[in-house]
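Student: Dropping a structure here in structure tokens format, bear with me for questions.
The values are calculated or read from the model by the stated rules, or taken from the named source; none is laboratory data. Everything quoted here is computed from the prediction, not taken from an experiment. For neighbour counting, all protein chains shown are included, and Cβ atoms are generated from backbone atoms with ideal geometry for every residue, glycine included.
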């Protein structure tokens, strides 16, 4: 069975194209070759319920959805650290956490990714979305349209944050993200989605969600500046 949108081959029992997320019910093309309909790099689109064409290869949407999730996780890490230090100072007023800014940044980054890798699977397995994905109208599912199990979601999250983001190791994770972004553009799937047989379905975002996302990022920056300021 070949997808009518991207022309890639799928198994006969697949409900959604594993490459572009297109609903294959009634839209499959049997016995056709991929190059008759273009490769995945031709920017496949799927139609939403209102008939609008929505692109499915959207690395920047996925990046910003994950940025929102990481911002929330980072906020929780800083808040927990602040409360812990505050609790210590109640018994030891002279306590000072003496570590260099670079080490502090590295520890905070790794803690942020680890926390998110533990929390994210619960959202993905129950809703198919994290807060960031929900805001940007993106959903993760199996090729048959079902939600991932918790173990599937956990495996995917660990792969994302270890192979994709390298647990936040400065500069190095930018290289791996560029590699995965290029893979997504050329093949239609990241390595972790290809390995697990998952698809990422995008729907129209809309101006309201964009405005909310911008406000969230602005508020996050203000809160982070306040929480990380000296004293």
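Student: Across region 136-176, which residue is nearest to residue 201 (Cα to Cα) among those that are in contact (Cβ under 8 Å) with a residue 60 or more places away in the chain and more than 12 Å from the chain's Cα centre (by Cα)?
Tutor: 141
Student: Checking residue 96 against (1) at pLDDT below 85; (2) surrounded by fewer than 17 Cβ atoms within 10 Å (Cβ to Cβ); (3) within 26 Å of residue 210 (Cβ to Cβ), only one condition comes out false. Which one?
Tutor: Result: residue 96 passes all but (3).
Student: If I go through region 78-117 residue by residue, how many of them are closer than 28 Å to residue 190 by Cα and in contact with a helix residue (DSSP H, G or I) (Cβ under 8 Å, 6 or more places away or on another chain)?
Tutor: 11
Student: If you don't mind, there's one more thing I want to ask. Could you tell me whether any residue of region 142-154 is out of contact with any helix residue (DSSP H, G or I) (no Cβ under 9 Å at 6 or more places or on another chain) and surrounded by 18 or more Cβ atoms within 10 Å (Cβ to Cβ)?
Tutor: Yes - at least one qualifying residue is present in region 142-154.
Student: Could you identify the single residue in 143, 125 that is modelled with pLDDT of 95 or more and closer than 30 Å to residue 56 by Cβ?
Tutor: None of the others qualify; the one that does is 125.
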